[in-house]
Amino acid sequence: MSNDKEETTKHIIEIPEITRVEGHSAIHVEIKNGEVQNVMLDVFEGTRFFEKIVVGHKYDEIPHITSRVCAICSTGHVLASSFAIEKIFDIRCDEITNTFRKIMHLGMFIESHSTHIYALALPDFLGARDLLDFGSKFKTEFADWTLLRNLGTAIQSIIGGRPFHPVNLHVGGLSHIPAKDKLEALLAELKMAKPVALKTCELLLKFNPPVERTTKPLFMALIPEDGAYGFFGNKVRSSNGFESDIQNYKEYLAEQAVNYSHAKRSTGQGSALFVGAMARLNLFGNLLQGDASAIYKSSPMAQGDNNSIWNNLAQSIEIVHAIDESIILIEKILARYLEAKSLNASHVRVQAGTATGAVECPRGTLYHHYELDTAGTILVADMVTPSAQNSWRIEMDIKEAVMQSSDIHSEQLQNNLETLVRAYDPCNTCATHMVSISYLEV
Amino acid sequence: MSCNALKCDTTPYMVHKAIIRSITNLALDNVLFEVAVSDETILSQCKPGQFFQIYVPGAGEAPISISALSRKDCIEFCVRRVGRVTSALFQLQEGDWIGLRGPFGNGFPVDEMKGSNIIMVAGGLGVAPLRSLWQYLIDNRKDFKDISLVYGMKHSEDILFRNEFRQLILRHDIEVFVAAENINGPAVPSIEFQIGRVTDLLDLAHFDQSYKAALCGPPIMYRFVVDALRKRGLCEQNIYLSLERQMKCGIGRCGHCFIGGHFACKEGPVFSVAKLNFMKEVVECKGASYAD
Amino acid sequence: MGSVYAPVRVSDQSFAFRSVRDEAEIAFEALRTILPPKKFFYPAKETILECDGDEVKEHIEVVEPFAVFGVHPCDLAGLNALDKIFLSTPQDSHYQRRRRAAFIIGLSCLPDKHCFCKAMKADAPGKGYDLFLTDLEDKYFVQVNNQEAFEFILSCKEFMHLASDQDNQGYKKFWNDRDSMFEHNFDSAQLPNLMDLGWDHPLWQELGERCLSCGNCTPVCPTCYCFDMTDVAMFNSEKVEAERQRVWDSCQFSGFAAVAGGENFRPGPVDRLKFWYRHKLHGFEDPIEIPSCVGCGRCTVSCPSGIDDLPGVIRILAGRPQLNLEGEIA
Amino acid sequence: MQIERRLPRIAVQGLTGCAGELLVILENLGSVLPFVQVASFPFAQSKNDLSDIDIAFVEGSVSQKHDIDSIKEIRARSKWLVAVGNCAVHGCVQSSTCSRYKAKELVEAVYAKDSPIEALDAKPLSSYVNVDVELSGCPIDKNQFLAVLASLLKDHLPYIIDRPVCLECKMRENGCVLIEKNLPCLGPVTAAGCGALCPSFEAACYGCFGPCKDPQLNAMATVLSEKGYNLSDILVRLGTFGIPEQVLSNLDVKR
Ligand SMILES: Cc1cc2nc3c(=O)[nH]c(=O)nc-3n(C[C@H](O)[C@H](O)[C@H](O)COP(=O)(O)OP(=O)(O)OC[C@H]3O[C@@H](n4cnc5c(N)ncnc54)[C@H](O)[C@@H]3O)c2cc1C
Ligand code: SF4
Ligand code: SF4
Ligand code: SF4
């Protein structure tokens, strides 16, 4: 804090914790002589040290342990860690296993995106005080959320065993092949949910950004592995044309620990990154099919509007995609159901090595990196979460918004900031959690 | 389809609804519930030393001894708060209902005890079931010879039934001794505490091998008291003790109260030491043992 | 029409009674299922009473008639033992209701190395079945036990013919041959005495140290019946209600004999294991005055620690040439 | 005069955890809303009031000073305090690590040398305050949660099963993966509640509900080492979801 007493009036304005985000954090805005000096995203969720937690554990325990980083994207952590370890062991899962994994992952997208859109973001737009108020005043929307969320949890429960922290996904494959009749029931549920997903997009298309965006963000996402819109891959691309193998993630994502927060933050080749649904659409939206493609093309995003508020819409488009894609994938499995094979642990050839695995999670790219010894025990681990990648960008957005504002103490600005931050769907449990704002006037 | 009868029995776990008539605080976490029972047959079956399963809806059942019969249609239960069911019971108020099943088990063999000298030894909450026995003895005073009552507890302030003890002490046809390991809390007028354990009191009490003894207290007490009684020449056949076990059904099904192959709920909870001697496991399980 | 239950394969080595719709689903080769048929009559968890605010009522489960196919002699003996427990006075209406709804079709079997029903005198189809089928390779020899079963037979006459002399011979041969296939043969009449004499045998300590107290041995046993009763509060549309539930318990769990005041009458696995063996080999002074084991071998195959080798334990208690326990387990 | 009956006030708070329990509670809120007033649930609503709480559900372990303050405040303001989830009951994965490393070492390894981040050893709630009910699970089972809430609304202590997973596994009639596949199933020493989920998916239980009552760890380690697992690996595995390091280091495994 400054001791420059002459030019400053000192006071601190405390704004209650930003709620309705997954976690605890605060935003400090430092203002000097009316100029924003510094914006600090302080994640005050307790530290959990996952990079160290896994060390000394056997490879087969890793997906189950890392899933505990975050309930909401647990499936993503399970898959990213499995991919990394499978690379070390040089295992290639058969196509049906991969298909199951894809459906499971899509289930997570449906659950996570719908919960974010309806329970966390939408109450702002609709003018509901909070979720409970929202539940009583907007019964249809509440029912739509329940339907979509139940669909997401059903997919994850049938394939993974429970709504999150799946028990059926392991390094090398699935321990149990889900029953045919359950998959058939899922198909019916998916088809029923489709109109609701379309409705969600329409709803979000109507909401206009609360604040202007002035700078162009740097988007980054995994290049989908099989040429169609998807969430698995081994290379990234960013909106400035940069491409790299994920194994070089340390070089292009300089991760730094900042002294005001428990969350580490990443930079993309030195500048603030934007990852997540909007980044994926921006980079690979042209790969979408069917309804998802049509909605995307008609959205402001396709016209080059980069306001981060459209991340909500981007998520709803991904729900449409996830539903269509799941239907295709389940039908594919049902056609070849008898070929499905469960994991036989003795076929996993354990060997030493180092590798990186990544998946696109609802909030952005998630990296897991491991070094194993010959017995399959973890020696070194590293994880880079989407929230860590977005945090700098969030700080910049806040700075922009505060600078645009005529009255930095207005309730309107406060609300706008909350809305803005929430649009990133920051899940600090992964790096950590989210948000209270205090202005620090120096 | 082994049987063609159309009607099935009703469940043996059905409870009888009874209303709490009064609630009296006896000591910290010890309360006397007076419960009105409308069913005459239940009341007429009750014997000293038997127990009921008391049901608090939503919380569960716990076996609780009959502490007395009162006002013609009431049963008194003295309950200590220790866990789920007993805590739930403590939330209830006069006028609320509870469920009862019972009476279960064999109580003290009052018929066999007739015509004898009797000594009763109570430790702590063990006084609750013995109370039903001494009330019976007093009601049928002429059927029994000399009667002694020995009651020990850890802290004097935990004494239960203090008014009743005052009255017992005033009677001349029953010898009463009360002891506490620590004297604390406000004095309890007209009750003279010895400092020590029940075993110390036994040295004071006048009794000999002709006595029959009824015991109730924690397992550790049994070990010492039975030894002392044996030394004074009491025959093992004539020493009765009431055993505490987990009991979920009261009708010899749930298996929790098995001791040495016997169901404590059906054949007990009162056993003679002579009988327990032939039940392997009682001796084996140190906690339950009176003779190590 | 109620369901038909029969053994189906649930894993590499295990079978379970499940509802079947097609003969192809049935695993005729199943020797022992994970749970014995007791689960149909005395389910792992059932509601006994319902309580909504002021009313307590018996929960009366409407049981549709159902058939259980493929019940082997040891399991029939197990059911007879449970009948004696649950149908003694006061009768357990919940058990009774299910028992009456069942049509039981027994099936002959050939023993493996874990079977010792012969020693426990539970190896022949005695009672407790409606029909009993003996597998004579190209046909079944059917025994009919009551009027209802007889009526059933009449209803499917076209598949039946009256047993010929040759069939009778075949039947006798089957059971004679089977009789000679048992590895374990000992005199079960001596078991209570062996158990008493072996009460302080060092074996218990050895077994207890390996015991996981996981309780796998009791639910699988056709004659284990201990239970817990708990009240579960729950929400319905307007109020909070409660149910009184009966759930399987196991004497192997550490809280089984604990009472208030911190006393636990069987605090360690050694005490608990010995208690269980006593029940199985000695029996209780309960309505079954026989050792409460029917020799099905389930406890042996479902103990993850490999210590519930009943025949092995019996041999050791009997003082037969000391077996290497480790060897037996492996 | 009609006095409006006040609905019991509940609070749902998170300390350091993965938000799993918050999510389970959020997803099941619909069925309990008629019975309670949600006074505080920062995860789901903006206006929160932590005063005069009847039942507080707290997720997460105590891992920093801020958590200590929060849990003490919640304790002081609520009648019933329920620890939900493995983090709040046992400390979960982060606590197992804290017993293997010093907190400072962890900060340095994950952040930077001389990082100002203040981390405490992750501990369950009961290390700091008196907890009335502990409902473990990672995540908690929704039916167990509803039963706990229903009991507490009647002011009764809930019944929570403390027996091993094996019991539920047998009830579901799974083939035992420890016996049949030699997988390192921790079901025998893990508290039930999940319905034996992993074995029902033909996988080994990894202990996410925390230890059952009086787990026989010596015997568990013996059985696994006989199956060829390395003893030190077994101990690390056992410790993952809440068996304290001190307990494991005192085991006396034969072999
Ligand atoms: C014949 C008989 C007569 C009795 N008479 C009386 C009486 O007159 N008055 C009276 O106050 N009490 C009496 N008791 C004791 C009383 O039944 C118990 O205190 C009561 O059952 C406790 O129930 P609860 O639900 O309140 O406690 P619980 O919640 O069951 O717990 C109490 C304690 O019991 C132990 N415990 C119980 N079940 C388990 C388990 N599954 N695992 C581990 N530990 C367990 C624990 O130590 C626990 O702390 C009697 C008991 C018997 C058998
Ligand atoms: S004790 Fe074992 S062998 Fe005997 S009946 Fe029970 S499970 Fe079968
Ligand atoms: S699979 Fe695991 S939980 Fe199931 S019985 Fe075997 S050891 Fe127990
Ligand atoms: S089986 Fe074990 S690891 Fe799996 S969900 Fe249950 S407690 Fe958790």
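The values are calculated or read from the model by the stated rules, or taken from the named source; none is laboratory data. Remember, it's a predicted structure, so these values are computed and weren't measured experimentally. Here the Cβ is made from the backbone with ideal geometry for all residues, glycine too, and neighbour counts use every protein chain on show.
Within region D:206-224, can one find any residue that is within 18 Å of A:Ala345 (Cα to Cα), away from chain C (no Cβ under 11 Å) and either touching a His at 6+ places or on another chain (Cβ under 9 Å) or surrounded by 20 or more Cβ atoms within 10 Å (Cβ to Cβ) (or both)?
Of region D:206-224, the ones within 18 Å of A:Ala345 (Cα to Cα) are D:206, D:224.
Right, trim to away from chain C (no Cβ under 11 Å) and you get D:206.
Okay, now just the ones that are also either touching a His at 6+ places or on another chain (Cβ under 9 Å) or surrounded by 20 or more Cβ atoms within 10 Å (Cβ to Cβ) (or both), so D:206.
Within region D:206-224, one or more residues are within 18 Å of A:Ala345 (Cα to Cα), away from chain C (no Cβ under 11 Å) and either touching a His at 6+ places or on another chain (Cβ under 9 Å) or surrounded by 20 or more Cβ atoms within 10 Å (Cβ to Cβ) (or both).
Test of understanding: among D:Pro211, D:Pro199, which residue is more than 15 Å from the chain's Cα centre (by Cα) and in contact (Cβ under 8 Å) with a residue 12 or more places away in the chain? Reasoning before the result, please.
On the way: D:Pro211 fails: more than 15 Å from the chain's Cα centre (by Cα).
On inspection, the qualifying residue turns out to be D:Pro199.
Have a look at C:Phe227, C:Phe265, C:Phe235 and point out the one that is away from ligand 3 (no atom under 16 Å from the Cβ), at the interface with another protein chain (Cβ under 7 Å from one of its Cβ atoms) and at pLDDT 90 or above. Show your work before the answer.
On the way: C:Phe265 fails: at pLDDT 90 or above; C:Phe235 fails: at pLDDT 90 or above.
From the options C:Phe227, C:Phe265, C:Phe235, the qualifying one is C:Phe227.
Where in region A:95-197 are there helices (runs of 4 or more DSSP H), lying wholly inside it, with at least 2 residues that are more than 14 Å from chain D (Cβ to nearest Cβ) and buried (at least 24 other Cβ atoms within 10 Å of the Cβ)? Even if it seems obvious, please write down each step before you answer.
On the way: elements: A:95-114, A:122-126, A:131-137, A:139-160.
Fully inside region A:95-197 and qualifying: A:95-114.
From the list B:Lys154, B:Lys145, which one is in contact with an Asp or Glu (Cβ under 9 Å, 6 or more places away or on another chain), more than 16 Å from ligand 2 (Cβ to nearest atom) and within 24 Å of B:Asp203 (Cα to Cα)?
Working: B:Lys145 fails: in contact with an Asp or Glu (Cβ under 9 Å, 6 or more places away or on another chain).
Among B:Lys154, B:Lys145, only B:Lys154 is in contact with an Asp or Glu (Cβ under 9 Å, 6 or more places away or on another chain), more than 16 Å from ligand 2 (Cβ to nearest atom) and within 24 Å of B:Asp203 (Cα to Cα).
How many residues are out of contact with any strand residue (DSSP E or B) (no Cβ under 8 Å at 6 or more places or on another chain), farther than 16 Å from B:Tyr13 by Cβ and of a type outside the set (A, V, I, L, M) if we restrict to region C:34-72?
Final tally of qualifying residues: 3.
Using the structure shown, decide if D:Cys198 is within 16 Å of ligand 4 (Cβ to nearest atom) and at pLDDT 95 or above. Quick ask: steps written out before the conclusion?
Values: within 16 Å of ligand 4 (Cβ to nearest atom): yes; at pLDDT 95 or above: yes.
Judged against the criteria, D:Cys198 is a match.
Residue by residue, here is whether (1) more than 17 Å from B:Glu244 (Cα to Cα); (2) out of contact with any Cys (no Cβ under 6 Å at 6 or more places or on another chain); (3) not acidic (Asp, Glu) holds:
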position	(1), (2), (3)
B:Ser44	yes, yes, yes
B:Lys47	yes, yes, yes
B:Gln53	no, yes, yes
B:Glu61	no, yes, no
B:Leu89	yes, yes, yes
B:Leu92	yes, yes, yes
B:Phe104	no, no, yes
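Sort out for me the strands (runs of 3 or more DSSP E) sitting completely within region B:113-194 that have 2 or more residues that are under 21 Å from B:Val270 (Cβ atoms).
Result: B:117-123, B:147-155.
When you scan region B:48-64, do you find a residue that is hydroxyl-bearing (Ser, Thr, Tyr), more than 16 Å from ligand 3 (Cβ to nearest atom), surrounded by 15 or more Cβ atoms within 10 Å (Cβ to Cβ) and within 14 Å of chain C (Cβ to nearest Cβ), even just one?
Pass one, region B:48-64, residues hydroxyl-bearing (Ser, Thr, Tyr): B:55.
Keeping just the survivors that are more than 16 Å from ligand 3 (Cβ to nearest atom) gives B:55.
Retained after the next criterion (residues that are surrounded by 15 or more Cβ atoms within 10 Å (Cβ to Cβ)): B:55.
When the remaining residues are screened for being within 14 Å of chain C (Cβ to nearest Cβ), the result is B:55.
Scanning region B:48-64, I find at least one residue that is hydroxyl-bearing (Ser, Thr, Tyr), more than 16 Å from ligand 3 (Cβ to nearest atom), surrounded by 15 or more Cβ atoms within 10 Å (Cβ to Cβ) and within 14 Å of chain C (Cβ to nearest Cβ), so the answer is yes.
Can you say whether C:Gln96 is among the polar types (S, T, N, Q), farther than 22 Å from C:Arg178 by Cα and surrounded by 19 or more Cβ atoms within 10 Å (Cβ to Cβ), as far as the supplied structure shows?
On the way: among the polar types (S, T, N, Q): yes; farther than 22 Å from C:Arg178 by Cα: yes; surrounded by 19 or more Cβ atoms within 10 Å (Cβ to Cβ): yes.
Taking the combined requirement at face value, the residue satisfies it.
Is it true that some residue in region D:232-250 is near ligand 4 (Cβ under 10 Å from one of its atoms), within 23 Å of the chain's Cα centre (by Cα) and of a type in the set (Gly, Ala, Ser)?
Of all residues in region D:232-250, those near ligand 4 (Cβ under 10 Å from one of its atoms) come to D:240-241.
Keeping just the survivors that are within 23 Å of the chain's Cα centre (by Cα) gives D:240-241.
Going one step further and asking which of them are of a type in the set (Gly, Ala, Ser), we end up with none.
So far as region D:232-250 goes, no, none of its residues is near ligand 4 (Cβ under 10 Å from one of its atoms), within 23 Å of the chain's Cα centre (by Cα) and of a type in the set (Gly, Ala, Ser).
Could you tell me whether region D:232-251 includes any residue that is in contact with a Ser or Thr (Cβ under 8 Å, 6 or more places away or on another chain), in contact (Cβ under 8 Å) with a residue 12 or more places away in the chain, buried (at least 23 other Cβ atoms within 10 Å of the Cβ) and part of a helix (DSSP H, G or I)?
The answer is yes; a qualifying residue exists.
Based on what the data block shows, is C:Val71 of a type in the set (A, V, I, L, M, F, W, C) and away from chain B (no Cβ under 12 Å)? Don't jump to the end; show me each part of the working.
Details: of a type in the set (A, V, I, L, M, F, W, C): yes; away from chain B (no Cβ under 12 Å): yes.
It is true that C:Val71 is of a type in the set (A, V, I, L, M, F, W, C) and away from chain B (no Cβ under 12 Å).
Quick one: is C:Val56 away from chain D (no Cβ under 14 Å) and closer than 30 Å to C:Ala242 by Cα?
Here the answer is yes, as C:Val56 does meet what is asked.
Could you grab me the full set of residues in region C:251-262 that are within 7 Å of another protein chain (Cβ to nearest Cβ), modelled with pLDDT of 85 or more and touching a Cys at 6+ places or on another chain (Cβ under 8 Å)?
C:Cys251, C:Phe256
Please verify whether region B:212-232 includes one or more residues that are out of contact with any Ser or Thr (no Cβ under 8 Å at 6 or more places or on another chain) and of a type in the set (Val, Ile, Thr).
yes
Any chance you could count how many residues in region D:46-74 are free of Cβ contacts under 8 Å to residues at least 40 places away in the same chain and in contact with a strand residue (DSSP E or B) (Cβ under 7 Å, 6 or more places away or on another chain)? Break it down into steps so the answer makes sense when it comes.
Let us first name the residues in region D:46-74 that are free of Cβ contacts under 8 Å to residues at least 40 places away in the same chain, namely D:46-51, D:66, D:69, D:73.
Restricting the remaining residues to those that are in contact with a strand residue (DSSP E or B) (Cβ under 7 Å, 6 or more places away or on another chain) gives D:48-50.
Here the count works out to 3.
Of the residues A:Val350, A:Val359, A:Val384, which single one is under 30 Å from D:Asn182 (Cβ atoms) and among the hydrophobic types (A, V, I, L, M, F, W, C)? Spell out how you get there, then give the answer.
Values: A:Val359 fails: under 30 Å from D:Asn182 (Cβ atoms); A:Val384 fails: under 30 Å from D:Asn182 (Cβ atoms).
Result of the check over A:Val350, A:Val359, A:Val384: A:Val350.
Modelled with pLDDT under 90 and under 26 Å from D:Gly14 (Cα atoms): does that describe A:Ile65? Working first, answer last.
Working: modelled with pLDDT under 90: no; under 26 Å from D:Gly14 (Cα atoms): yes.
The answer is no for A:Ile65.
Of all residues being within 17 Å of the chain's Cα centre (by Cα) and among the acidic types (Asp, Glu) in region B:22-78, which is farthest from B:Ile251 (Cα to Cα)? Just the residue, please.
So the residue we want is B:Glu34.
Residues in region A:124-178 that are out of contact with any Pro (no Cβ under 6 Å at 6 or more places or on another chain) and β-branched (Val, Ile, Thr): how many?
Matching residues across region A:124-178 total 6.
One residue is enough: does region C:277-286 have a residue meeting the conditions at pLDDT 80 or above, within 16 Å of ligand 2 (Cβ to nearest atom) and among the hydroxyl-bearing types (Ser, Thr, Tyr)?
yes
Scanning region D:188-205 for residues that are more than 16 Å from ligand 1 (Cβ to nearest atom) and in a loop (DSSP other than H, G, I, E, B), which turns out surrounded by the fewest Cβ atoms within 10 Å (Cβ to Cβ)? Explain how you work it out, then say what you get.
From region D:188-205, those more than 16 Å from ligand 1 (Cβ to nearest atom) are D:188-190, D:194-205; that's our starting set.
Keeping just the survivors that are in a loop (DSSP other than H, G, I, E, B) gives D:194-196, D:201-205.
Working: D:Cys194: 27, D:Gly195: 16, D:Ala196: 24, D:Phe201: 24, D:Glu202: 22, D:Ala203: 26, D:Ala204: 24, D:Cys205: 27.
Among residues in region D:188-205 that are more than 16 Å from ligand 1 (Cβ to nearest atom) and in a loop (DSSP other than H, G, I, E, B), the one surrounded by the fewest Cβ atoms within 10 Å (Cβ to Cβ) is D:Gly195.
Report whether or not B:Val15 is more than 10 Å from chain C (Cβ to nearest Cβ) and either within 16 Å of ligand 3 (Cβ to nearest atom) or in contact (Cβ under 8 Å) with a residue 40 or more places away in the chain (or both). Steps first, please.
Numbers: more than 10 Å from chain C (Cβ to nearest Cβ): no; either within 16 Å of ligand 3 (Cβ to nearest atom) or in contact (Cβ under 8 Å) with a residue 40 or more places away in the chain (or both): yes.
When the stated conditions are applied, B:Val15 does not pass them.
Tell me the helices (runs of 4 or more DSSP H) entirely within region A:362-442 that contain at least 1 residues that are aromatic (Phe, Trp, Tyr) and at pLDDT 75 or above. Steps first, answer last, please.
Numbers: elements: A:386-404, A:411-423, A:428-431.
By residue number, A:386-404.
I'd like to verify a number: residues in region A:298-316 that are touching a residue at least 40 places away in the same chain (Cβ under 8 Å) and aliphatic (A, V, I, L, M), how many?
Qualifying residue count, region A:298-316: 2.
Select from region D:177-189 the residues that are away from ligand 2 (no atom under 16 Å from the Cβ), facing chain C (nearest Cβ under 10 Å) and either aliphatic (A, V, I, L, M) or under 15 Å from D:Phe241 (Cβ atoms) (or both) and list them in ascending order.
D:Val177, D:Leu178, D:Cys185, D:Gly187, D:Pro188, D:Val189
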